[in-house]
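A short write-up of the structure that comes next.
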Amino acid sequence: MQSQTGAEPDDERLERNFSELLQELRVAQAGVQILFAFLLTVVFTPVFERSSAFVRDLHLLTVLLAAGATAALTAPAAWHRMLFGRGRRPEILHAANRFAVAGLVLLAGAMTCTVLLVATMTVPGWRAALLGCLGAVLFFGLWFALPLPLRNRRS
């Protein structure tokens, strides 16, 4: 079946879009796996045992955000596998795009909290809060705020 533009058949376009999405998810997934591994090891350190309730709560929040990011970023592969060969590629791709964005939001949150967590342990007080805010601006700015105007602009 030809697409409306006639340039590429719909099934080829869907296959290409899904392949591109999977490549993008591989990049994000590597980052979240490394972060998750780091977060899991932190709780077994003597410094963590002596940390404040705020640090422990922040760590748990960061772990939950990283786990959510992992779930969202791997969901497209699970959906594809569960629905493979059933002619549901448009639905899979639509859901996969949503999962990818949700996963990136969760990953940006986890990265921001990680910056705040490390900053709190090294330079407590207002400097830690400032570094956490700078982390948020960096991740959310580069990943979401900067591309949004281009998303709606006609080429």
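The values are calculated or read from the model by the stated rules, or taken from the named source; none is laboratory data. Everything numeric in this text was worked out from a predicted model, so none of it was measured. Virtual Cβ from ideal backbone geometry, glycine too; neighbours counted across all protein chains shown.
Test of understanding: among Ala78, Ala71, which residue is under 15 Å from Ala110 (Cβ atoms), without any contact (Cβ under 8 Å) to a residue 40 or more places away in the chain and among the hydrophobic types (A, V, I, L, M, F, W, C)? After ruling out the rest, the residue left standing is Ala71. Comparison of Val55, Val32 shows that the only residue that is surrounded by 13 or more Cβ atoms within 10 Å (Cβ to Cβ), in contact (Cβ under 8 Å) with a residue 60 or more places away in the chain and over 27 Å from Arg98 (Cα atoms) is Val55.
The single condition from (1) farther than 23 Å from Phe139 by Cα; (2) within 12 Å of the chain's Cα centre (by Cα) that Val47 fails is (2).
Within segment 44-85, the set of residues being among the hydroxyl-bearing types (Ser, Thr, Tyr) and not in a helix (DSSP H, G or I) comprises Thr45, Ser51, Ser52. Do the conditions hold for Glu49, that is, is it acidic (Asp, Glu) and more than 25 Å from Glu12 (Cβ to Cβ)? Answer is yes for this residue.
Yes or no, residue by residue, for (1) within 16 Å of the chain's Cα centre (by Cα); (2) surrounded by 17 or more Cβ atoms within 10 Å (Cβ to Cβ); (3) of a type in the set (Ser, Thr, Tyr); (4) at pLDDT 80 or above:
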{"site": "Arg16", "(1), (2), (3), (4)": "no, no, no, yes"}
{"site": "Ser51", "(1), (2), (3), (4)": "no, yes, yes, yes"}
{"site": "Ala71", "(1), (2), (3), (4)": "yes, no, no, yes"}
{"site": "Ala95", "(1), (2), (3), (4)": "yes, no, no, yes"}
